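Below you'll find the structure, written out as structure tokens, and then a few comments.
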Amino acid sequence: ASDDFMVDAELLPSPPEKLTALIADSGISDLEQRQEMVEVAAATRISMKRTRRLIEMDAEDVPAETHGLDVIDEIVLCSNRIADDPARLACLRAWVEQGGRLWIRLDKVDVATVTHLLGETVPLQFVDRISLTEFQLHRTNHEQEAGRAHKFDYPVDLVRVLADGVEVIHEVDGWPASFAVTVGRGRVLLTTMGNLAWVRERTEADPRAEPEYNSKFVAAQSLVEL
């Protein structure tokens, strides 16, 4: 209609608050797995007293210019496909350098993708991937453990990597579970464990919340610390 707004495909309309963007592959065969990525991202926002409003993106949806990300203040990267697009890769790095916050989930993203994105800023070496049914997260700058020991019926992935020049936040058996690095004016957080290291499923005992402040998951203490 003649009175409709026209929105450039490279620009996102301004929302009432800054948003979180989840970059994941829409073609992922396991739709339940993709939805869990969304719910973990939502639980993260809710733990910071924000609404669960977020944008789901394919790698192809990332703008080629940083001004296309003006409405976003944090991005959760769960896809390797962006490594195949130099223009969007450069845009994402520039966005971080200008003050953006990027969470790279190494249980979903290859170390090679991180190298393409950040270069030698975050020197990583992949060791292996293991599965744990019992583990305890340890805060590296605190004497006490980060919560109780976790035991699960199903294994939780741990990607074991060697990282230099980073701030390790949590460890599992001496391996980094979460670590961060400053890139320009921005901040990059990397985690090496699956969902259940950071969230737990919501139960009937949890307080009821309005839809915009509700998620399938509740942030664990480890995620609150991050």
TODO: Count, please, the residues in segment 66-80 that happen to be under 19 Å from Val161 (Cβ atoms) and touching a residue at least 60 places away in the same chain (Cβ under 8 Å).
DONE: 0
Open item on the list: Criterion first (over 25 Å from Leu54 (Cα atoms), among the β-branched types (Val, Ile, Thr) and at pLDDT below 95) does Val156 satisfy it?
Closed with: yes
Task: Selected residue (criterion: nearest to Gly99 (Cα to Cα)) from residues of segment 144-162 that are surrounded by fewer than 18 Cβ atoms within 10 Å (Cβ to Cβ) and among the hydrophobic types (A, V, I, L, M, F, W, C) - done: Leu162
TODO: Just name the residue that is nearest to the chain's Cα centre (by Cα) out of those in segment 189-226 that are among the polar types (S, T, N, Q) and under 14 Å from Ala43 (Cβ atoms).
DONE: Thr191
Open item on the list: I need every pair where a residue in segment 35-62 that is more than 17 Å from Lys18 (Cβ to Cβ) has its Cβ under 9 Å from the Cβ of a residue that is basic (Lys, Arg) and open to solvent by less than 10 Å² (accessible area, probe 1.4 Å), sequence separation at least 6 or different chains.
Closed with: Met37/Arg105; Val40/Arg105
Task: Candidates Arg101, Arg81, Arg34, filtered to the one that is modelled with pLDDT under 90, in contact with a strand residue (DSSP E or B) (Cβ under 9 Å, 6 or more places away or on another chain) and open to solvent by 20 Å² or more (accessible area, probe 1.4 Å) - done: Arg34
TODO: Kindly indicate whether Ala41 is under 19 Å from Leu77 (Cβ atoms), open to solvent by less than 20 Å² (accessible area, probe 1.4 Å), assigned to a helix (DSSP H, G or I) and modelled with pLDDT of 80 or more.
DONE: yes
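The values are calculated or read from the model by the stated rules, or taken from the named source; none is laboratory data. Note that this is a predicted model, so its numbers are computed, not measured. FYI the Cβ positions are ideal-geometry reconstructions off the backbone, even for glycines, and counts take in every protein chain you see. Side chains included, ligands, DNA and RNA excluded: accessible areas come from the protein's heavy atoms. Shrake-Rupley method; radii C 1.70, N 1.55, O 1.52, S 1.80 Å.
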